[in-house]
Amino acid sequence: MRWRAIVPLAALALAGCARLVETDQARLCRMALPALSPPEATITVLSQREDPDDRGLKVVYRIGSTEANRVHLAACRFRQPGRPLRSDELISLSVDGEPLSDVNLYFLIRFWLATPEARDADPAPLGDVAALPRLPRPVAYALQQGLNGLPLAAIYALLAAAYSLVYGLVGRINLAFGDFAATGGYAAGLGALLAAAQSPGTILSTSLALGGASAALWGIATSRWIFEPLRAATGQQALVATVGLAMFMNEFLRLSQGNRPLWVSPMLNAPFGLARAGDFVVTSAADALLVGGFAILLGLSLVGAMRWTRFGRRWRAYADDPLGAELLGVSPRGILVQTFALAGAFAGLSGFVMTIYYGSVGYAAATALGLKALVAAILGGVGSISGAFLGGFLVGAFEAVWQTYFAVDYRDVAVYALLAATLVLRPGGILGVRT
């Protein structure tokens with residue numbers, strides 16, 4: 001049984017060099033199969049292969065559940081390469097070499113592919129479902145909710161770490177970190193577009209580098225021109241200044257990037273089964289596991305760096321006693337710039353995760369994203385690096401559970417109510433100082 005658990009991990013390792021199917025093209029092509037098959041037929045997708053020009057793919061499938069059933073080949077062609085934004089971008093479809101007529105293709109697109117029923121009937125290749133490990137139904141549901149919340153938790157955790165890095169050092173909150181994340185997201189999208197013809201590994205590496213570096217530069221600028229001049233201020237001047245910075249960055253992104261979100265073709269998001277409970281199959285995708293593992297790895301690396309590196313020792317010394325640390329050779333300007341660069345990079349990496357996983361980024365989400373990450377930082381213990389990551393994963397899991405069992409319209413209200421309860425019951429957060 002152990003080898004089955006290794007298959008998704010091996011897929012992640014091979015994804016960096018393999019040519020991948022455009023998942024939305026594949027989904028549209030698969031969604032057409034139930035309409036072209038006998039009613040109540042069981043469709044098993046055996047393989048999917050992208051065409052060399054990226055304008056189509058071929059799906060090999062079987063109707064029936066036994067190997068004795070005949071194997072079929074569906075070939076789909078699209079108007080242009082990349083992600084289809086509408087179902088009418090499917091321009092031809094043939095099954096076993098027999099093309100659909102223009103009339104049949106029109107009716108297929110108009111009255112089937114554009115409906116929710118078609119999305120529900122998608123025979124997604126989840127692997128050998130019968131061979132998946134069996135779990136009790138409550139455990140399977142809980143596992144699915146945890147997997148659903150993993151990408152959002154990773155975004156919140158990385159951004160909450162940025163808040164904690166700055167607050168732990170100078171006791172101030174930078175309310176522009178949400179816009180830092182949006183900036184990193186736009187840069188990551190630019191990187192994905194620049195490397196679009198390369199392998200997924202190259203695309204992800206380019207996007208990651210641009211996303212982290214662009215937000216780190218904003219962090220350095222914020223340190224030099226806002227926080228350093230206001231370092232000796234005793235009031236809330238720095239907080240007010242970051243509100244102005246957030247407004248400036250939001251308007252700058254609107255003018256420079258336009259009102260429409262930037263779209264990036266999703267990668268590594270083909271679903272596969274992990275476990276099952278009766279007819280309920282626990283599913284995930286490589287991109288969700290990748291961003292979750294990425295956030296955990298960065299969190300462990302940051303905690304280790306703060307404990308064992310020279311920068312971490314200087315950061316902790318200055319956070320505990322600024323004057324004493326300065327007397328011992330710690331430069332206030334240097335440690336502030338380094339901290340803001342690192343915090344900005346983490347905010348940019350949260351934008352990278354958002355762009356790569358969700359396939360889009362827009363300036364309008366920056367404020368809400370920043371506030372929720374602040375909630376996560378406070379929940380875990382603002383100023384505590386490990387607490388920030390814990391709070392991020394808790395808020396992500398909380399949102400996933402809420403939108404499953406309750407109205408999604410009240411999700412944000414519930415998150416801010418969770419913040420209020422935390423401030424009343426434990427103002428220092430879970431891993432913060434009890435007050």
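Taking interchain pairs and intrachain pairs at least six residues apart, which have beta carbon atoms under 7 angstrom, with the first residue in segment 69-93 and among the β-branched types (Val, Ile, Thr) and the second open to solvent by less than 70 Å² (accessible area, probe 1.4 Å) and outside any loop (DSSP other than H, G, I, E, B)? These pairs meet every condition: 71/60; 71/62; 91/77; 91/78. Residues of segment 298-313 include none that is among the aromatic types (Phe, Trp, Tyr) and either under 30 Å from residue 147 (Cβ atoms) or touching a Phe, Trp or Tyr at 6+ places or on another chain (Cβ under 7 Å) (or both).
Residues are listed down the side, and each one gets a yes or a no for (1) surrounded by 19 or more Cβ atoms within 10 Å (Cβ to Cβ); (2) more than 27 Å from residue 416 (Cβ to Cβ):
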site: 321; (1), (2): no, yes
site: 324; (1), (2): no, yes
site: 343; (1), (2): yes, no
site: 351; (1), (2): yes, no
site: 356; (1), (2): yes, yes
site: 366; (1), (2): yes, no
site: 376; (1), (2): yes, no
site: 387; (1), (2): yes, no
site: 391; (1), (2): yes, no
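No other residue among 332, 322 is in contact (Cβ under 8 Å) with a residue 24 or more places away in the chain and out of contact with any strand residue (DSSP E or B) (no Cβ under 8 Å at 6 or more places or on another chain) apart from 332.
Looking across segment 44-91 at every residue that is more than 24 Å from residue 103 (Cβ to Cβ) and in contact with a helix residue (DSSP H, G or I) (Cβ under 7 Å, 6 or more places away or on another chain), the one that is most open to solvent (accessible area, probe 1.4 Å) is identified as 83.
In segment 25-43, the qualifying residues are those that are assigned to a loop (DSSP other than H, G, I, E, B) and open to solvent by 70 Å² or more (accessible area, probe 1.4 Å), and the one that is modelled with the highest pLDDT is 38. Taking (1) open to solvent by 40 Å² or more (accessible area, probe 1.4 Å); (2) in contact (Cβ under 8 Å) with a residue 60 or more places away in the chain; (3) part of a helix (DSSP H, G or I); (4) within 22 Å of residue 285 (Cα to Cα) in turn, residue 157 satisfies each apart from (1). Taking the criterion of being in a helix (DSSP H, G or I) and surrounded by fewer than 17 Cβ atoms within 10 Å (Cβ to Cβ), the residues of segment 221-232 that qualify are 221, 224, 225.
Restricted to segment 288-319, and to residues there that are over 24 Å from the mean Cα position of the chain (by Cα) and crowded, with 21+ Cβ neighbours inside 10 Å, the residue that is farthest from residue 431 (Cα to Cα) is 318.
When residue 127 is tested against (1) at pLDDT 90 or above; (2) part of a loop (DSSP other than H, G, I, E, B), only condition (1) is not met.
The values are calculated or read from the model by the stated rules, or taken from the named source; none is laboratory data. Here the structure is a predicted model, which means the values were calculated and not measured. Please note: Cβ atoms are built from the backbone with ideal geometry, for glycine as well, and neighbour counts cover all protein chains shown. Accessible surface is based on the protein model in full, side chains and every heavy atom, while ligands, DNA and RNA are left aside. Shrake-Rupley method; radii C 1.70, N 1.55, O 1.52, S 1.80 Å.
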